[in-house]
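Below is one structure, written out as structure tokens, with a few remarks after it.
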Amino acid sequence: MACRATVGSSAATAARSLPIRFCGTSKLAAKMTKGKLYGDAKNFHTQKALIAAKLFNVEVEVAGAEAPADKFPLGVTPAFESGDVLLFGAESIALHFAKTTCPEVVQWLQWGQGELLPAVLSHVLHVVSAVQVDKKAADADKAELLAQLKHFNDVLVSRTFLAGDRFGVADVSVALNLLPAYQYALDSAARKELVNVNRWFLTVVNQPAVKEVIGDFAFIEKAAVFDAAKFKELSAKAKPAPKKAEAKKKEEKKKPAAEELDAADEAVRAEPKAADPFAAMPKGTFVMDDWKRCYSNEDTEKVAIPYFWKNFDSENYSIWFGEYKYPEDLSLTFMSCNLISGMFQRLEKLKKNAFASVCLFGTDNNSTISGVWVWRGHELAFPLSPDWTIDYESYDWKKLDPKDEATQKMVNAYFAWEGDFGGDRKFNQGKIFK
């Protein structure tokens, strides 16, 4: 039977898709036997596999939190072992248990992992004090998650389950990705506009196979709030104990050189290290780390912006305006925000010498992206390193005159996320590269 819809990566695509019924059997799905599952049974990723096992009557033994390195060298959990079958990742394991490669299921797994889960974790890790970000970034992360869920809510208007008429792998995976948000972030106020998502989520978590693994679930009334003291405590726990670190170093020193490096390691070490494009440039008087600290911790308009103009070194630093060339290709706002985040992630090595405020303007299917960038030197920074050239050609770049009043007005607006951005563009949300 031919597919009547393409596999999509967004909720909007899924909403427009007609049901797909081309659900073949996986090549890996031979006669199912008892297998070993590696992973933390309290982690929601491992719980996906445990639920799928119960749902499809697969007998599994939780054999430890870590997978054996000789069989799973990537160290990814959950991992599943049964005879010649070695699988890692909750979604691949669940599909194996279900004996399906149904495209309609796969599209929801892709969306859940690629779009929804990053938004959930960006917001939840902050409110539970595991990650510290400034208020603007935290507000933007929350807005991005809620935007995705509102679109998902529209999709669920006419659906009881995600793929077909029965509860299945797609529902398990997406619901468990959402579980941390419902446990810590989606309070009664946030849930008001998510009636369909709430209904679907409760339907999923009350399925017998799900309840056996995660237990009873109840909505929270009040969302968790970031606690600086708790963040310090969690950060301290995450650091290795000094004595253990020292013992490890001593142990490493005892190993002969031949055991420390294999041929591949030696080849990598022999390769010349990539030169820092900024190494030959004068450092100047503008200290990027001090500016970022001020921007993150002080009032933007009253303290941070005056600090920037007082300390900006125009002889050794430059300001640039970048605008996305293809606004007609931008669709849902949360997807546009993911486009910005993706660019930031690929420019990780540029962070030491650069800062940017990039904003999204407009609404779904009618938006633009532009931002103000600051970096060392007076050349366009991206061509200076092959690692930085992936996304920059999708933007038009213009070097700004820091002494010009119009430039200062523009920079202030982008740093504060309010003011005159030119034309009738309405600010939607922003992201900071720092």
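The values are calculated or read from the model by the stated rules, or taken from the named source; none is laboratory data. Everything quoted here is computed from the prediction, not taken from an experiment. No Cβ is skipped: glycine too gets one built from the backbone with ideal geometry, and neighbour counts run over all protein chains shown. SASA here: full protein model, heavy atoms, side chains in, ligands and nucleic acids out. Shrake-Rupley method; radii C 1.70, N 1.55, O 1.52, S 1.80 Å.
Numerical summary
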| quantity | calculated |
| --- | --- |
| Residue match in segment 44-58 (condition: farther than 22 Å from P180 by Cα, modelled with pLDDT under 90 and open to solvent by 30 Å² or more (accessible area, probe 1.4 Å)) | no |
| Filtered residues of segment 385-404 (kept if open to solvent by 20 Å² or more (accessible area, probe 1.4 Å), in a loop (DSSP other than H, G, I, E, B) and among the polar types (S, T, N, Q)) | T389 |
| Test set (1) open to solvent by 80 Å² or more (accessible area, probe 1.4 Å); (2) modelled with pLDDT of 90 or more; (3) part of a loop (DSSP other than H, G, I, E, B); (4) more than 16 Å from K99 (Cβ to Cβ) - K36 fails condition number | (3) |
| Test: residue in segment 345-354 that is under 23 Å from K150 (Cβ atoms) and crowded, with 16+ Cβ neighbours inside 10 Å | no |
| Selected residue (criterion: surrounded by the most Cβ atoms within 10 Å (Cβ to Cβ)) from residues of segment 365-384 that are more than 26 Å from N316 (Cβ to Cβ) and in contact (Cβ under 8 Å) with a residue 40 or more places away in the chain | I369 |
| One residue from L86, L121, L149, L145 being of a type in the set (A, V, I, L, M, F, W, C), open to solvent by 50 Å² or more (accessible area, probe 1.4 Å) and under 30 Å from T300 (Cβ atoms) | L121 |
| Test: residue in segment 405-427 that is in contact (Cβ under 8 Å) with a residue 60 or more places away in the chain, open to solvent by less than 10 Å² (accessible area, probe 1.4 Å) and either in a loop (DSSP other than H, G, I, E, B) or touching a Lys or Arg at 6+ places or on another chain (Cβ under 9 Å) (or both) | no |
| Qualifying residue in segment 87-110 (condition: in a helix (DSSP H, G or I), in contact (Cβ under 8 Å) with a residue 40 or more places away in the chain, closer than 25 Å to K232 by Cβ and within 18 Å of the chain's Cα centre (by Cα)) | no |
